[in-house]
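Novice: Provided herewith is a single structure, encoded as C-alpha cells, for subsequent inquiry.
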Amino acid sequence: MCFPTRPGLTPVIILAACLFLAAATAGLVWWGSRPVDTASGATVRVVIPAGSSVESIGEILCRSGLVRHPLVFRALVEWMGVSTRLRAGEYDLSPAMSLREIIRCLVRGEVVTYPFTVPEGFNVEQIADLLASLGLADRDRFLEAASRAELAPAPLPDPARVRYPLEGYLFPDTYRVPRGTSEPELVSLMVRRFQQVWEGELARKAAAQGISVHEVVTLASIVEKETGVPEERPLVAGVFWNRLKRGMPLQADPTVLYALGKVGESLLRRDLQVDSPYNTYLYAGLPPGPIANPGEASLRAVLEPAAIDYLYFVARGDGTHHFSRTLREHLEAVRRYRSR
C-alpha cells in the first residue's frame, strides 16, 4: 500500500517511494524464491509435525537449509493461497529445489513412504511382528485393529469363535506407507487390497458355486499352509473338498498348529488332542475362520480344485506331497516317506 499523503510530500516523491518499495519486495521475493544451492545433489529429510503453522514450517525449512528466509516462505504461501493445504509428514527435499517447488511438494503431500511385504501364509500375529520390527506399527495396537469385526469385508458367521476377525483378509502383497500411518489404516489398506483381488472373477465363481467368501478364504488359508508348490494347490484343495463332501475331518496339521499358537514348529502326537474348534482332527468341517492370509493362487485353487479322487496326502520331505486314494495307500506312503 502506498504512503498516505502528508504535507511536504509531493506526488512524485510518493510515487517514487511506492515504486521503490514494490521493487524491493519483488527483489526480496525473487531472492528468497531461488534455490539455496542449485548445484546441490543432496536431499534433506525433514519432518513437518501435524498441526504445524506456516510460520513453524518456514522455520523448519530454513534451519534445514532448504529456504532462504521463513518470512519469504510465508509470503509466497499466502500469495499462492495454500496456507491451509500444507501437509504434515516426512519429506525428502533438496537445496536445489526452488521455493515454489518445495511448497508444491508440501501441498501434494509427497511424503517419504516405506515399503513392506506381507508374505503369503503369514497370520495376523506374524504381520504384527513384521510391522513392529520395521517400526511401522505398534504390535498390540495392530492386533487390536485386526480384531475389529466391523472392518471385515464380509459378515463373519460367528465372530466370537475366531481368534482375529480379520485373519485371512489382510492380503499378502507389497505396500508402501508413510511413517505415522495408524494401525487401523494399515489394516484397512490390506483389507481393501483383498477386496480388489476378490471382487470380479473370484467373487462370481464363489457365487456360482454357492460358497461364501468366508468359506473360500478359510479353506484357502489351509491350502496355503499345506503346500508352497504352485501346481499342488489345486490338488490339495481337491483333497479337502473330497473330504468335506464325505463328512470326513480335514485332519490338517496347520490348523492344529494355529490352535496351539505355534509357527514353524513340529507337531507332536499329543498336540492332536488339543480341544479347539480350529483342531480339524477333532472337529469335522471347516474351522471357524482362516488360519493365515492366503494369496490369490490359493483362493483360486479352492474355487478351481483339481478333478481328482484323492482323499489323502503326505509330505515327501522335499517340499512336495504324495497323494493317495485309499487309507491303505496312504499308510504305505506314510511309512515310506517318514522312515527316511
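The values are calculated or read from the model by the stated rules, or taken from the named source; none is laboratory data. This structure is a prediction, so every number in the text was calculated from the model and none was measured. Positions of Cβ are backbone-derived with ideal geometry, glycine not excepted, and every protein chain shown enters the neighbour counts.
Novice: List the number of the failed condition for VAL124; all other conditions in (1) surrounded by fewer than 20 Cβ atoms within 10 Å (Cβ to Cβ); (2) out of contact with any Pro (no Cβ under 6 Å at 6 or more places or on another chain); (3) β-branched (Val, Ile, Thr) hold.
Specialist: Failing condition for VAL124: (1).
Novice: Determine which single condition ALA146 fails, assuming it passes every other condition in (1) modelled with pLDDT under 95; (2) farther than 16 Å from VAL216 by Cα; (3) not hydroxyl-bearing (Ser, Thr, Tyr).
Specialist: Just one mismatch for ALA146, condition (1).
Novice: Right, another one. Return the residue satisfying two criteria in turn: it lies in segment 160-174 and is more than 15 Å from the chain's Cα centre (by Cα) and not in a helix (DSSP H, G or I), and of such residues it is nearest to LEU286 (Cα to Cα).
Specialist: Of everything passing the filter in segment 160-174, VAL162 is nearest to LEU286 (Cα to Cα).
Novice: Check segment 319-331 and report whether any residue there is on the phi > 0 side of the Ramachandran plot and either assigned to a loop (DSSP other than H, G, I, E, B) or in contact (Cβ under 8 Å) with a residue 60 or more places away in the chain (or both).
Specialist: Kept after step one, since they are on the phi > 0 side of the Ramachandran plot, are these residues of segment 319-331: 319.
This time we only want the ones that are either assigned to a loop (DSSP other than H, G, I, E, B) or in contact (Cβ under 8 Å) with a residue 60 or more places away in the chain (or both), so: 319.
There is at least one residue in segment 319-331 that is on the phi > 0 side of the Ramachandran plot and either assigned to a loop (DSSP other than H, G, I, E, B) or in contact (Cβ under 8 Å) with a residue 60 or more places away in the chain (or both).
Novice: Another one. Testing GLY295 on (1) closer than 22 Å to SER147 by Cα; (2) small (Gly, Ala, Ser); (3) touching a strand residue (DSSP E or B) at 6+ places or on another chain (Cβ under 7 Å), one condition comes back false. Which one is that?
Specialist: Against the list (1) closer than 22 Å to SER147 by Cα; (2) small (Gly, Ala, Ser); (3) touching a strand residue (DSSP E or B) at 6+ places or on another chain (Cβ under 7 Å), GLY295 comes up short only on (3).
Novice: Another question, then. Would you check if there is a residue in segment 188-207 being β-branched (Val, Ile, Thr), crowded, with 16+ Cβ neighbours inside 10 Å, in a strand (DSSP E or B) and at pLDDT 95 or above?
Specialist: No, there is no match, as no residue in segment 188-207 is β-branched (Val, Ile, Thr), crowded, with 16+ Cβ neighbours inside 10 Å, in a strand (DSSP E or B) and at pLDDT 95 or above.
For every residue, the table says whether it meets (1) crowded, with 17+ Cβ neighbours inside 10 Å; (2) part of a loop (DSSP other than H, G, I, E, B); (3) in contact (Cβ under 8 Å) with a residue 60 or more places away in the chain.
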residue	(1), (2), (3)
GLU78	no, no, no
THR84	no, yes, no
MET97	yes, yes, yes
ARG100	no, no, yes
VAL111	yes, yes, yes
PRO119	no, yes, no
ALA132	no, no, no
PHE142	yes, no, no
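Novice: Next question. If I filter segment 228-267 down to residues being over 14 Å from ALA292 (Cβ atoms) and among the acidic types (Asp, Glu), which single residue comes out as surrounded by the most Cβ atoms within 10 Å (Cβ to Cβ)?
Specialist: GLU232
Novice: Where the second residue is acidic (Asp, Glu) and not in a loop (DSSP other than H, G, I, E, B) and the first is over 12 Å from ILE127 (Cα atoms) and in contact (Cβ under 8 Å) with a residue 24 or more places away in the chain and lies in segment 170-184, which pairs have Cβ atoms under 7 Å and are six or more apart or on separate chains?
Specialist: Going by the 7 Å Cβ cut-off, the qualifying pairs are PRO178/GLU90; ARG179/GLU90.
Table: residues versus (1) closer than 25 Å to GLY109 by Cα; (2) more than 21 Å from the chain's Cα centre (by Cα).
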| residue | (1), (2) |
| --- | --- |
| ASP158 | no, yes |
| ARG176 | yes, no |
| GLY180 | yes, no |
| GLU185 | yes, no |
| ARG193 | yes, no |
| VAL197 | no, no |
| LYS205 | no, yes |
| ALA208 | no, yes |
